[in-house]
Amino acid sequence: MLLSSLNPAAVAAGADIGDAVRIDGAVLSRSDLVGAATSVAERVAGAQRVAVLATPTATTVLAVTGCLIAGVPVVPVPADVGAAERTHILSDSGAQAWLGEKPADTGGLPHVPVRLHARSWHRYAEPHPEATALIIYTSGTTGPPKGVVLSRRAVAADIDALAEAWQWTPEDTLVHGLPLYHVHGLVLGLLGSLRIGNRFVHTGRPKPDAYAAAGGSLYFAVPTVWSRVAENAAAASALTSARLLVSGSAPLPVPVFERLAELTGHSPIERYGSTESLITISTRADGERRPGWVGLPVKGIETRLLDESGANVAHDGETIGRLHVRGATLFDEYLNRPDATADVLDADGWYHTGDVAVIDADGMHRVVGRESVDLIKTGGFRVGAGEIEAALLGHAGVTEAAVVGVPDDDLGQRIVAFVVGDADPQVLIDYVAQELSVHKRPREVRIVDSLPRNAMGKVLKKELAQWH
């Protein structure tokens with residue numbers, strides 16, 4: 001079962017947890033979840049697809065869980081999504097109704113409320129593993145958002161692989177304050193907890209003080225949040241009793257990694273993935289955790305690096321190649337977009353991630369970034385923006401850094417760094433030249449007040465290039 005810990009037979013046999021889910025002031029036991037979510041399932045059973053306004057509430061938890069029990073695909077919709085994007089998601093997905101929280105603009109769709117105190121003990125047959133569980137829309141950086149179709153099999157396989165890598169068990173208490181419309185917060189955080197059977201605590205917003213007060217053993221956050229924790233010594237010290245701190249959705253700056261290790265006694269777990277592939281690479285609870293590296297393929301996943309001609313790239317820890325992944329966690333298709341699907345999923349089952357990476361002799365992966373914005377071809381060299389950003393963050397005067405390549409008549413592309421902090425631009429240029437190589441130094445450093453980021457903390461590189 002995808003939601004194996006919600007098996008009514010297991011609950012009836014005594015496998016209940018009195019506070020299985022804590023969110024938005026609500027506390028749900030395991031039997032509460034089974035009864036209330038099954039009541040939701042009865043209201044939507046037979047629907048083709050439903051949209052859920054993915055607010056961090058018990059209503060959202062029950063809406064998603066009820067759909068999965070009934071075998072109805074869920075389309076999670078961000079609460080702050082713009083009108084045009086919301087219209088596109090509803091139209092493209094073919095959602096037949098809103099379930100749970102009612103949006104201000106329903107787009108003409110009927111609304112089905114979730115009754116928090118309703119209970120049903122009807123037994124539903126487990127849907128086929130290849131049945132669709134979720135349709136999650138991408139951020140739309142290359143046009144209108146695309147609907148990523150994820151099967152029950154893919155979600156279950158990914159959670160099980162991460163449980164093995166992270167030694168994740170029902171004894172854990174998982175804490176995060178991330179959105180419930182992305183892989184990180186929804187699939188890993190909520191559905192992972194429902195499959196594994198651990199307690200799940202959502203803090204509403206990912207604030208250091210809320211994390212400190214949660215008493216968890218397993219914490220999820222994006223680098224922006226971990227940076228704030230690292231700046232709050234009291235909050236960080238409260239996490240010393242945790243088992244694992246997991247960072248993802250964007251690269252974790254090395255200074256933040258080191259500061260967390262110093263304050264909490266835990267070197268963070270870093271992992272890599274995407275909406276299309278779920279989480280495919282991770283450092284391990286029982287393995288090396290190297291700052292700036294995302295680890296090894298999880299169980300059941302293969303990776304490869306190819307150069308521009310399609311030849312394999314050496315695993316020497318230095319040579320950059322295009323990263324492809326293959327395995328049971330991959331998405332089925334982009335909904336209604338066979339052309340886009342064919343562009344990234346080849347006949348042999350490899351997903352072309354669009355990212356570039358290096359692999360060392362031990363199989364450890366370091367993701368350089370997106371090929372379109374993070375692989376800079378300058379003066380005949382192929383340079384990864386992430387390496388330069390890591391070097392800049394090693395300077396005491398730098399708080400944040402983002403590097404892009406801009407067109408240059410002489411070099412092909414010129415390396416430009418945008419820096420938040422208090423440092424002289426020429427000093428930073430010279431610093432990188434000394435730390436790395438002369439050809440990797442920024443030709444220009446711009447001091448800015450802040451970097452543009454999306455909801456998951458990723459720097460919007462294309463917007464930065466437009467700033468230039």
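The values are calculated or read from the model by the stated rules, or taken from the named source; none is laboratory data. This is a predicted model, so every value here is computed, not measured. Methodologically, a virtual Cβ is constructed for each residue, glycine included, from the backbone with ideal geometry; neighbour enumeration extends over all protein chains shown. Note: accessible area is taken over every heavy atom of the protein model, side chains too, but ligands, DNA and RNA are not part of it. Shrake-Rupley method; radii C 1.70, N 1.55, O 1.52, S 1.80 Å.
Points to keep in mind about this one:
- Members of the range 240-260 found to be open to solvent by 30 Å² or more (accessible area, probe 1.4 Å) and either farther than 22 Å from residue 458 by Cα or not basic (Lys, Arg) (or both), listed by number: 240, 241, 243, 251, 253, 254, 255, 258
- Only a single criterion out of (1) open to solvent by 20 Å² or more (accessible area, probe 1.4 Å); (2) in contact with a His (Cβ under 8 Å, 6 or more places away or on another chain) is not satisfied by residue 359, namely (1).
- Restricting the range 409-468 to residues that are over 28 Å from the mean Cα position of the chain (by Cα) and among the basic types (Lys, Arg), the residue that is least open to solvent (accessible area, probe 1.4 Å) is 440.
- Residue within the range 121-136 that is hydroxyl-bearing (Ser, Thr, Tyr) and either open to solvent by less than 30 Å² (accessible area, probe 1.4 Å) or in contact with a strand residue (DSSP E or B) (Cβ under 6 Å, 6 or more places away or on another chain) (or both) present: yes
- The set of residues from the range 31-46 being open to solvent by less than 20 Å² (accessible area, probe 1.4 Å) and without any contact (Cβ under 8 Å) to a residue 60 or more places away in the chain comprises just one member, 37.
- Residues that are of a type in the set (Lys, Arg) and assigned to a loop (DSSP other than H, G, I, E, B), drawn from the range 222-257: 243
- Test for residue 374: is it of a type in the set (Asp, Glu) and closer than 17 Å to residue 318 by Cα: yes
- Tallying residues that are among the aliphatic types (A, V, I, L, M) and surrounded by fewer than 22 Cβ atoms within 10 Å (Cβ to Cβ) within the range 150-168 yields 3.
- One residue alone among 218, 245, 252, 239 is under 23 Å from residue 388 (Cβ atoms) and in contact with a Leu (Cβ under 9 Å, 6 or more places away or on another chain), and that residue is 252.
- Check on residue 188, surrounded by 23 or more Cβ atoms within 10 Å (Cβ to Cβ), assigned to a helix (DSSP H, G or I) and aliphatic (A, V, I, L, M): yes
- Of the residues making up the range 102-115, just one is modelled with pLDDT under 95 and buried (at least 16 other Cβ atoms within 10 Å of the Cβ), namely 103.
- Screening 148, 61, 77, 72 for residues that are aliphatic (A, V, I, L, M) and under 30 Å from residue 287 (Cβ atoms) leaves exactly one candidate, 148.
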